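Engineer: Before we start, here is the structure in question, set down as structure tokens.
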Amino acid sequence: MLTIEQCRAARGLLGWTQQDLADSSGLSKTAINNFEKGHSDIKAESLRAIRIAFERAEIEFQGDSGLRKRSEQTRILKGPKALGILLDDIRKTMENQKNDILIMNADTTLSSKITSQKLFDHIQFLKQNEIRQRVLCAENIKNVLSPDDECRWLGPEIPAHSKLTFIYGTKVAIQLWNESMIVLIDSTDAVVSETARFEHLWEEASPASGETPFQQKTA
């Protein structure tokens with residue numbers, strides 16, 4: 001839940017006007033003004049939109065009244081469970097969001113790096129929260145994380161050894177050449193940059209077709 005005090009404090013920390021918040025959240029300035037003055041009840045989805053707008057601007061909420069400006073952070077996930085830990089972080093980060101999860105350079109070995117239960121839990125989370133996960137794969141690769149209409153094949157000019165990359169919330173995760181190590185970057189600037197690259201490749205990529213291995217197993 002977002003309080004009136006947190007909303008005002010977050011705007012002050014960012015130097016945002018009510019119009020800035022309205023533009024970032026997709027709400028009207030009148031709705032923001034009424035909420036901050038306590039003149040009307042606000043819908044849960046509108047509160048969620050305001051909170052997400054602040055979180056995208058790197059505001060971190062603490063408890064019922066606290067908040068702070070989040071600094072950019074980098075974590076290293078190591079070991080055979082690194083990808084599973086990443087999927088846990090994706091679910092935690094995306095729990096209250098409806099944005100797409102973007103994955104670049106997925107391959108057929110992805111499912112072998114996580115347990116069947118982790119894979120199942122992740123796909124169920126996507127369905128339950130109506131989150132779309134768009135995936136770019138090398139040509140003719142059958143990925144296991146999304147249905148075919150959310151997947152596209154990269155052309156032969158994209159190297160097959162390109163790094164596996166996840167883009168979600170305010171985070172970018174890049175799997176290093178050593179497959180047991182993932183660099184997790186919490187940075188809005190990194191997300192903006194990598195999202196632009198993903199969208200460019202997405203427009204150039206070809207639609208995938210046929211059943212994925214996961215769909216075959218669960219059919």
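Engineer: Could you please rank ASP64, ASP148, placing first whichever residue has the fewest other Cβ atoms within 10 Å of its Cβ?
Structural biologist: Arranged by neighbour count, lowest to highest, ASP64, ASP148 become ASP64, ASP148.
Engineer: Here's another thing I want to ask about it. Hey, what's the Cα Rg ratio for the chain versus the globular rule of thumb, 2.2 N^0.38 Å?
Structural biologist: 1.13
Engineer: Further question on the same structure: Relative to the longest principal axis of the chain, what angle (0 to 90°, nearest 10) does the C-alpha long axis of helix 188-204 take?
Structural biologist: The helix 188-204 is inclined about 50 degrees to the chain.
Engineer: Another question about this same structure. What is the Cα radius of gyration of the stretch 4-69 over 2.2 N^0.38 Å, N being its residue count?
Structural biologist: 0.99
Engineer: Treat the count of other C-beta atoms within 10 Å as a stand-in for reagent exposure and order PHE120, PHE166, PHE35 from fewest to most.
Structural biologist: PHE120, PHE35, PHE166
Engineer: Connecting C-alpha atoms closer than 10 Å in a GNM of the chain, tell me which of LEU102, LEU110, LEU136 has the biggest fluctuation.
Structural biologist: Per the Cα network of the chain with a 10 Å cutoff, LEU110 tops the list.
Engineer: Follow-up question, since we're still on this one. Once label points are set 7 Å from the Cα along Cα→Cβ at both PHE120 and GLU5, what is their separation, rounded to one decimal in nm?
Structural biologist: 4.5 nm
Engineer: Could you name the lysines whose alpha carbon sits less than 21 Å from that of LYS37, not counting residues in the same chain fewer than 8 places away?
Structural biologist: LYS29
Rule-based calculations on the coordinates, nothing more; no lab input. Since we're looking at a predicted model, the values are computed, not measured. Virtual Cβ from ideal backbone geometry, glycine too; neighbours counted across all protein chains shown.
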